[in-house]
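Structure record follows, encoded as structure tokens.
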Amino acid sequence: MAKQVWKPGNMLYPIPAVMVSCALEGEKPNIITVAWAGNVCSSPAMLSISVRPERYSHHILKESGEFVVNLTSRELTRACDWCGVRSGRDYDKFAKMHLTPMKMEKVSCPGIAESPVNIECKVTQILPLGSHDLFLAEVLCVDVEETFLDEKGRLDLRKADLVAYSHGDYLSLGEKLGKFGYSVAKKPENSVNKAVNPGKKTVNSEKKPEANTKSKDGKQRENRKSGTGLRKNAGKYSKKSDS
């Protein structure tokens, strides 16, 4: 099989396209679309986002030291793209995209209520890399839409219809091919591995962490550090609503 050798470039795809909300006290909140984002540590739970220093949101992230990663669903794809090509210097992105700022549990900036999952983060380190600065952050808690929990409180993110980003395109996720560890399982479940059960396509339910409490705003809150659920009083962020 013939292959071409290209110069160095960003070719690690697919990746998530997330909407990062941030704010400075007394100012309107902003949303920046970030594709360079990912998990970096399990305990403590940490993630990173990379942002160009010239972006409007960069100084907000740096000065506030906090942000919310809002996962993008199919319904939010247009808003996600728009927030990545328009600057918060010129637009109130929450208002323009008809998004609802939602009060968070651990950070002062709002999350996006329409997002299925909001990840509240505290910046622990900023690393200049070159074109981008990497914001390393600890996950303080996670807000999960109750619609995607089963009767036992387990999260099924497949129901959220999340979106991936690949080489300039937004893509919906396809069929489930397996779950972590299925390749070495002694007893394959009604396997989605076609090599094991050719022609048979079934969907297996994955065991997900159970959440304990429900908040009044319709979101389930998980504290990833302690593993316990958190409860909050419902309330909307003041809706004033680049990158």
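Stretched out straight at 0.36 nm per residue, the stretch from K179 to T147 would grow longer than its current Cα-Cα span by 9.3 nm.
On the beta carbon distance between R154 and N10, with R0 = 30 Å, the FRET formula returns roughly 0.30. The slack in the chain from V85 to H167, taken as 0.36 nm per residue of separation less the alpha-carbon distance, amounts to 27.9 nm. Put simply, when 156-162, 174-180 are sorted by average Cβ atoms within 10 angstrom per residue, most first, you get 156-162, 174-180. Ordering of 21-29, 136-144 by packing is 136-144, 21-29, highest average first (other Cβ atoms within 10 Å, averaged per residue). In loop segments of the stretch 1-79 as defined by DSSP, the trypsin sites (Lys or Arg not before Pro) with at most 14 further C-beta atoms inside 10 Å of their C-beta are K3.
Taking 20 Å as the cut-off for C-alpha to C-alpha distance, list the pairs among K28/K93; K62/K106; K93/K122 that go past it. Pairs exceeding 20 Å: K93/K122.
Just so you know, all these numbers are worked out from the coordinates, no wet-lab data involved. This is a predicted model, so every value here is computed, not measured. Positions of Cβ are generated from backbone atoms using ideal geometry, with glycine treated the same way; all protein chains shown enter the neighbour counts.
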